[in-house]
Amino acid sequence: RGPLEKLVEEGHLMSYIHKGFWQCMDNIREKVMLEKLLAANAAPWKKWEREVPKGY
């Protein structure tokens, strides 16, 4: 806890509120879930019109 508090005091560690989509991808299960959303054109982060390559 001490090192983090020191970083905050020095202005090197900050945070902000993110109100958009966020999902971690720390393991294969999460990767597969995100790829399925993308392939189904249901990915909330997708802002482009290009098609998703086959195989996802």
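The values are calculated or read from the model by the stated rules, or taken from the named source; none is laboratory data. The structure displayed is predicted, hence computed values, not measured ones. Because the Cβ atoms are built from the backbone with ideal geometry, glycine has one as well, and the counts that use them run over all protein chains shown. Remember, those area values only see protein heavy atoms, side chains included, never the ligands or the DNA or RNA. Shrake-Rupley method; radii C 1.70, N 1.55, O 1.52, S 1.80 Å.
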**Q.** Number of the exception - ILE17 against (1) open to solvent by 60 Å² or more (accessible area, probe 1.4 Å); (2) in contact (Cβ under 8 Å) with a residue 12 or more places away in the chain; (3) part of a loop (DSSP other than H, G, I, E, B)
**A.** (2)
Q) What single numbered condition from (1) polar (S, T, N, Q); (2) exposed (fewer than 10 other Cβ atoms within 10 Å of the Cβ); (3) in contact with a Phe, Trp or Tyr (Cβ under 9 Å, 6 or more places away or on another chain) fails to hold for GLN23? A) (2)
(Q) Being more than 18 Å from the chain's Cα centre (by Cα) and in a loop (DSSP other than H, G, I, E, B) is the requirement here; does LYS54 meet it? (A) yes
